[in-house]
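None of the figures in this text is laboratory data; all of them are computed from the coordinates on show. Note that the structure is predicted; figures quoted are calculated from it, not measured. Cβ placement follows ideal geometry from the backbone for every residue including glycine, while neighbour counts extend to all protein chains displayed.
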Amino acid sequence: MADSFDVRLEVLTADTQLVPRAKEEPPEFPSAGSSQPSFFLETFGCQMNDHDSEKVAGVLVGRGYRQVDSPAAASVILYNTCSIREKAAQKVFSRLGEFKDGQDGGKIIGVLGCLAQQEGQRIFSRAPWVSLVCGSASYRNLPELLAELEAGKRRVSGLDKDTEETFETEVTRRDHPFRAYVTIIEGCDKTCAYCVVPYTRGRERSRTSDSILREVHKLADADYTEIQLLGQTVNSYRDPSDRKLSFSELLLRVAEIRGIRRVRFTTSHPRDFGADIVQAIDSTPVLCDHVHLPVQSGSDRVLRAMQRTYTREEYLDKIALIRAAQRHIDITTDIIVGFPGETDADFEGTLSLMEQVQYAGAFSFKYSPRPNTPALHMADPIPEDEKGRRLAALQEKQRQIQSRCNESLVGTTVEVLVERQSRQENQWSGHSTSNRVISFTSSAEALVGKYVPVSVTHGGPNSLTGEHVI
Ligand code: 5AD
Ligand code: SF4
């Protein structure tokens, strides 16, 4: 999605300003041998990785590198990797395989992110042509690591996880012209039995509220209107400064910054989700009508085995808090099927919970065994075809729920942040505050970046269509 947007370079120092890359700037792709070093950066995985890549790109641009659009044009090739499920990890190794046997033409090849942290130095033995391996908890050391490579060192790695620090950069290269990601907490201290994140991203570290608010002020000054606060467990935020803002207080402070029209946050952990967050949303229209609250399973037995730290009933209590709000707040979720030992009855429990909650959207996955996780050696693995069957049944149920939910919006008017103009005449698309994709017709001009009212005329399972209300 990001590749169709203009790219912006944001410089986060007191006296410098955000510098957008001019649209008309001719693309230049210096060859590996040209004097200005260039880099290609491909990102796999979640929004945290997307945003880490923006920061990594910022660090490199700050060191005089130029970003290019293909590995062939780059002197440094970087993959910011994901290892949340096995497929994601395999994809990275197949990418790396393309540079086997010296086919890299002497380029520097680096592996960043979760797979780098998980595999560590083993990446050098599996792909000896790689020269940089760096996990996200060590990104603050990237400039030094790069300097060592520039000085001729053959291999460098940053695999430290036990850090108290967050990755703050002076320069961030933003991939979206109106929406900006802002990390407020890194790492994860939960111990979900299936999940590699606590292992790959290290301990939970929150940024000070001052630093976060300063960044949002600068973004607002640079005409960003939508802020997405990020963290693996964003609502576990704990302000390390004397101000000690709670997460909901931070939401309110971000929302009151002049120029900011929408504030989103993801991902929330049910255990740390309280009524104060709902009250904040309820009192402040800038806080979007959407909460992403991963449930993972609807069965108490499976939730316990997953070490999710809540029961089905406790989760449903959090849903009740959200449903009690004055305005409708959409709820989306993540669900895993086929966790070791999941019976048909457990799976039915997940389907019934979906029916009860009526999620506006759900990301669903087959359980994938991951290295270093407690679930890796759990008894009673579920066969792949059974996992596939459950996933298909769950997705079909969710499709029906979403269709009903989207159809119920026909006739209402929603506010849309317009993100693109389609090739078809008078066709535009964007997102509503509840994060639904909506395409609509309008004879107006230059709508991209604006907030416009759209009357919904049709609701499909995955998106809405409508007409601009002029
Ligand atoms: N297998 C399948 N899905 C997983 N997730 C995390 N770890 C695994 C795994 N080992 C899913 C969870 C999480 C989302 C980001 O990815 O649903 O919320
Ligand atoms: Fe993984 Fe659980 Fe932490 Fe989410 S809360 S990142 S699923 S360990």
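The table below gives the values:
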quantity: Antiparallel DSSP beta bridges within the chain, as percent of all bridges there, nearest 5; calculated: 40
quantity: Nonlocal amide H pairs with Gln67, under 5 Å, H built at 1.01 Å; calculated: Phe39
quantity: Percentage of interatomic Cα-Cα distances in the chain larger than 42 Å; calculated: 17
quantity: In order through segment 68-74: 3J(HN,Hα) via Karplus (6.51 cos²θ - 1.76 cosθ + 1.60), integer Hz, x for Gly, Pro; calculated: 10, 9, 8, x, 4, 8, 9
quantity: Per-residue ³J(HN,Hα) for segment 258-269, Karplus 6.51 cos²θ - 1.76 cosθ + 1.60, θ = phi - 60°, Hz, x for Gly and Pro; calculated: 4, x, 7, 9, 9, 10, 10, 8, 7, 10, 8, 9
quantity: Scattering profile of segment 395-470 at q = 0.21 Å⁻¹ [log10 I(q)/I(0), Debye over alpha-carbon scatterers]; calculated: -0.83
quantity: Least to most buried among Phe39, Phe44, Phe363 (fewest other Cβ within 10 Å first); calculated: Phe363, Phe44, Phe39
quantity: Lone cysteines, the chain (no partner Cβ under 4.7 Å); calculated: Cys46, Cys82, Cys114, Cys134, Cys188, Cys288, Cys405
quantity: Euclidean distance between Cα centres, segment 34-73 to segment 218-237, Å; calculated: 21
quantity: Where labels lie 7 Å past Cα in the beta-carbon direction, separation of Asp223 and Asp69 in nm; calculated: 2.2
quantity: Segment 116-160 shape via C-alpha gyration tensor axes, a/c threshold 1.5; calculated: oblate
quantity: Dipole magnitude of segment 179-228 about its Cα centre (Cβ charges: Lys, Arg +1; Asp, Glu -1), debye to nearest 20; calculated: 240
quantity: Placed amide H near Arg174: partners under 5 Å, 5+ positions off or other chain; calculated: Arg8, Leu9, Glu10
